[in-house]
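Student: Quick one: the structure is below, questions incoming.
The values are calculated or read from the model by the stated rules, or taken from the named source; none is laboratory data. Model, not experiment: these values are computed from the prediction. Here the Cβ is made from the backbone with ideal geometry for all residues, glycine too, and neighbour counts use every protein chain on show.
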Amino acid sequence: MTRFVQRLSAPATGWTATADVIVVGSGIAGLTAALELRRVVGKVLIVTKGPLSSGNTVWAQGGIAAALDPEDTAEEHLQDTLVAGAGLCSEQAVRALVTEGPERVRKLVDRGAHFDTQADGSITLTREGGHHRDRIAHAGGDATGAEISRALVARLESVRSDPHIEVIENAMVVDLLTAAPDADGRPGPVCGVTLHVIGEGTRDGVGAALAKAVVVATGGIGQVYLSSTNPASATGDGVAAGLRAGAAIADMEFVQFHPTVLWQGAAARGQQPLISEAVRGEGAYLLNAAGERFMVGRHELAELAPRDVVSRNIVRVMEEEGSENVFLDCRHLGESFVHERFPTIWDRLEERGIDMAHDLIPVAPAQHFHSGGILTELHGRSTLRGLYAVGESACSGVHGANRLASNSLVEGLVFATRAAADAASLVADGTLTQAEPVVRQGPASLVPATMRPRIQQIAHKGAGPFRTAAGLATAVTALADIRGRFHTMDAPGVMPQVAEWETSNVLACASLISEAALAREESRGGHQRTDFPETDDVRFKVRLAASLDPDGHLGLTAAPLELE
């Protein structure tokens, strides 16, 4: 099988920056980590691929889950999360999430986030799929992520003059820097990043930023697929860079397909409009082509079943009917309520000629969230010294085989806070020190941007909502062929630039997803094999952790659900 490379082709670095800790990404996880770190380390450097406000968080519609209601409990939130995760959650990680989540949300309010409230000033709580309690806090009806991003960016902007913090915007991290390899040839500790400043910025071109620790918070892998709710920047950069640097990557096969994404025709590509799960939480129905509710009787929670369950049933209905979509029905909820509760969705649908109070909304599943990523323990540490990961780029164990609705934002808060505290402590006591980076050996790679549609087609066909051994084997081989074609030091004719680095990362992530999905011969959560329809707890109640050997060969090993 074609090897993976351990670095990307890039120009020599032309400048150097230093910090105690580098945070890569500016969503809820990255901004929270940076704000926590600036208080306790000498200097924190934030690197973000766009402006500060461009993180994935801004697109979150539904809300943030926490047991804030006096009648709700952390234990009930834990049980709902474990059920949704289909037996693969780390209970320790989930317990940290549900017990620390309420306080982290209150801290977010202290930092300026304004959630929708009741007349008495308490936060309004609603329900989404998989939850047995009203525990979803939202802002602006369906603009929760935008409000959280606004508040965190504003807080960060207020301390821009602080000498303990530096921000480099419009900068893509190309690779993680590592120190000299150990005795068995594996890369040494992470000691910084190489990055390329895009267009106007504080610096120009490719440079090196050195640090004692790096926190990866780069978001998801949505651009691996033909259609996704993720923004164009979600190209799996952190996960791919972690793989190349020697970190273990886990649960890559568990891709969540959101059941209600606006259907805009078979030719629609790129980021697709999401119709939040909160719409079903407020009572909207799913209808088939005959206008019948089809989730009733298929699951005790009907339309509010976990996302993987709803998505699979939508796909089955579409196959039975020979249709390309089903419908979301909000007509019985009332125009004034729908308009007030979902102003963002209302406007996006109105732009497309759909009146959500009077029209049926055509929907179908599309890629939405990724439960896998850089394998981490309870404090965000990866298997590679000096490297932390938080948010969607991490595999914290919270989500297992399928994320419970609205657990992603609270995960970002809780584990970014934990990672920041741990990194600061290890820097302070001298456990993490500045190492000297060395160039990782072996060939580099650069995949032209023109290959991205082909990679997406392969991933969509082979590793979509339903999978088979034959389809996955074809995908694995086709993606390996592409890697082999561009497995070269010089990449003749291909210029090192953002689109090519991103496409290289998309290829790496698509390959990992396909390899792990082929190896997991069962159906569980977001991973569904039609040739292995049952769940196999004897062989597969484990994480499949992928890593590279010193020669770039990929290995998959069974990792325990609870990491020490």
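Student: Which residue is surrounded by the most Cβ atoms within 10 Å (Cβ to Cβ), if the candidates are limited to region 359-400 and must be assigned to a loop (DSSP other than H, G, I, E, B) and among the hydroxyl-bearing types (S, T, Y)? Don't jump to the end; show me each part of the working.
Tutor: Here is the first cut: in region 359-400, the residues assigned to a loop (DSSP other than H, G, I, E, B) are 359-360, 371-372, 376-380, 382-386, 390, 396-400.
Filter once more, so that each one left must be among the hydroxyl-bearing types (S, T, Y): 371, 376, 382-383, 396.
On the way: S371: 28, T376: 29, S382: 25, T383: 19, S396: 33.
The residue in question is S396.
Student: Among the residues of region 363-370, are any under 26 Å from Q456 (Cα atoms), of a type in the set (A, V, I, L, M, F, W, C) and touching a Leu at 6+ places or on another chain (Cβ under 8 Å)?
Tutor: yes
Student: Which residues, counting only those in region 138-155, are in contact (Cβ under 8 Å) with a residue 40 or more places away in the chain, under 30 Å from V41 (Cα atoms) and surrounded by fewer than 23 Cβ atoms within 10 Å (Cβ to Cβ)?
Tutor: Answer for region 138-155, where residues must be in contact (Cβ under 8 Å) with a residue 40 or more places away in the chain, under 30 Å from V41 (Cα atoms) and surrounded by fewer than 23 Cβ atoms within 10 Å (Cβ to Cβ): A146, R150, A151, V153, A154, R155.
Student: Tell me, yes or no, whether region 499-506 has at least one residue that is buried (at least 19 other Cβ atoms within 10 Å of the Cβ), of a type in the set (A, V, I, L, M, F, W, C) and not in a loop (DSSP other than H, G, I, E, B).
Tutor: Checked region 499-506: at least one residue is buried (at least 19 other Cβ atoms within 10 Å of the Cβ), of a type in the set (A, V, I, L, M, F, W, C) and not in a loop (DSSP other than H, G, I, E, B).
Student: Return the residues of region 542-553 that are over 23 Å from the mean Cα position of the chain (by Cα) and surrounded by 15 or more Cβ atoms within 10 Å (Cβ to Cβ); say none if nothing qualifies.
Tutor: As a first pass, look at region 542-553 and keep what is over 23 Å from the mean Cα position of the chain (by Cα): 549-553.
Once the filter is applied, which keeps residues that are over 23 Å from the mean Cα position of the chain (by Cα) and surrounded by 15 or more Cβ atoms within 10 Å (Cβ to Cβ), region 542-553 yields P550, G552.
Student: Please go through (1) assigned to a helix (DSSP H, G or I); (2) modelled with pLDDT under 95 for R403 and return the number of the only condition it doesn't satisfy.
Tutor: (1)
Student: Given the criteria closer than 29 Å to R381 by Cβ and assigned to a loop (DSSP other than H, G, I, E, B), does D182 qualify?
Tutor: Values: closer than 29 Å to R381 by Cβ: yes; assigned to a loop (DSSP other than H, G, I, E, B): yes.
Criteria met by D182.
Conditions (1) of a type in the set (A, V, I, L, M); (2) within 22 Å of the chain's Cα centre (by Cα); (3) within 25 Å of D481 (Cβ to Cβ), marked per residue:
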position	(1), (2), (3)
R520	no, yes, yes
S523	no, yes, no
R529	no, no, yes
E534	no, no, no
D537	no, no, no
F540	no, no, no
G555	no, no, yes
A559	yes, yes, no
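Student: Only one residue in I345, I354 is assigned to a helix (DSSP H, G or I), in contact with a strand residue (DSSP E or B) (Cβ under 9 Å, 6 or more places away or on another chain) and under 22 Å from Y285 (Cβ atoms), so which one is that? Show your work before the answer.
Tutor: Working: I354 fails: assigned to a helix (DSSP H, G or I).
Going through I345, I354 in turn, the sole match is I345.
Student: Within region 77-85, does at least one residue satisfy the condition of being on the phi > 0 side of the Ramachandran plot, crowded, with 23+ Cβ neighbours inside 10 Å and within 16 Å of the chain's Cα centre (by Cα)?
Tutor: no
One line per residue, one yes/no per condition, for (1) modelled with pLDDT under 95; (2) of a type in the set (K, R):
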{"site": "R454", "(1), (2)": "no, yes"}
{"site": "G464", "(1), (2)": "yes, no"}
{"site": "G471", "(1), (2)": "no, no"}
{"site": "A475", "(1), (2)": "no, no"}
{"site": "A478", "(1), (2)": "no, no"}
{"site": "R485", "(1), (2)": "yes, yes"}
{"site": "D490", "(1), (2)": "yes, no"}
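Student: Just name the residue that is farthest from the chain's Cα centre (by Cα) out of those in region 346-397 that are basic (K, R) and outside the structural domain of G220 (by TED's automatic domain parsing).
Tutor: Once the filter is applied, the top-ranked residue is R352.
Student: With the condition being closer than 28 Å to R520 by Cα and of a type outside the set (V, I, T), I'd like the helices (runs of 4 or more DSSP H) fully within region 224-339 carrying at least 2 qualifying residues.
Tutor: Counting at least 2 such residues, we get 237-245, 307-321.
Student: When both residues are 6+ apart or on different chains and their Cβ atoms are under 6 Å apart, which pairs have a first residue that lies in region 466-481 and is outside any helix (DSSP H, G or I), and a second that is surrounded by 18 or more Cβ atoms within 10 Å (Cβ to Cβ) and among the hydrophobic types (A, V, I, L, M, F, W, C)?
Tutor: Once the first residue is outside any helix (DSSP H, G or I) and sits in region 466-481, its partners that are surrounded by 18 or more Cβ atoms within 10 Å (Cβ to Cβ) and among the hydrophobic types (A, V, I, L, M, F, W, C) give R467/A517.
Student: A further question follows. Suppose we filter region 467-485 for residues that are surrounded by 17 or more Cβ atoms within 10 Å (Cβ to Cβ) and under 20 Å from G526 (Cβ atoms); how many remain? Write out each step before concluding.
Tutor: From region 467-485, those surrounded by 17 or more Cβ atoms within 10 Å (Cβ to Cβ) are 467, 471-472, 475-476, 478-480, 482-483; that's our starting set.
Narrowing the set further to residues that are under 20 Å from G526 (Cβ atoms) leaves 467, 471-472, 475-476, 479.
Residues meeting the conditions: 6.
Student: Which residues, counting only those in region 428-465, are over 27 Å from the mean Cα position of the chain (by Cα) and in a helix (DSSP H, G or I)?
Tutor: Within region 428-465, A428 is the sole residue that qualifies.
Student: What about R135, is it farther than 25 Å from L349 by Cβ, surrounded by 23 or more Cβ atoms within 10 Å (Cβ to Cβ) and over 20 Å from the mean Cα position of the chain (by Cα)?
Tutor: Spelling it out, R135 is indeed farther than 25 Å from L349 by Cβ, surrounded by 23 or more Cβ atoms within 10 Å (Cβ to Cβ) and over 20 Å from the mean Cα position of the chain (by Cα).
Student: Next question. Can you go through L78, L97, L82, L108 and tell me which one is assigned to a helix (DSSP H, G or I), farther than 30 Å from E253 by Cα and aliphatic (A, V, I, L, M)?
Tutor: Numbers: L78 fails: farther than 30 Å from E253 by Cα; L97 fails: farther than 30 Å from E253 by Cα; L82 fails: farther than 30 Å from E253 by Cα.
None of the others qualify; the one that does is L108.
Student: Turning to a different aspect of this structure: Residue by residue through region 113-129, note down the ones that are within 26 Å of the chain's Cα centre (by Cα) and of a type in the set (A, V, I, L, M).
Tutor: A113, L125
Student: If you take the residues of region 276-323 that are among the acidic types (D, E) and crowded, with 20+ Cβ neighbours inside 10 Å, which of them is modelled with the highest pLDDT?
Tutor: Per the stated criteria, the residue is E303.
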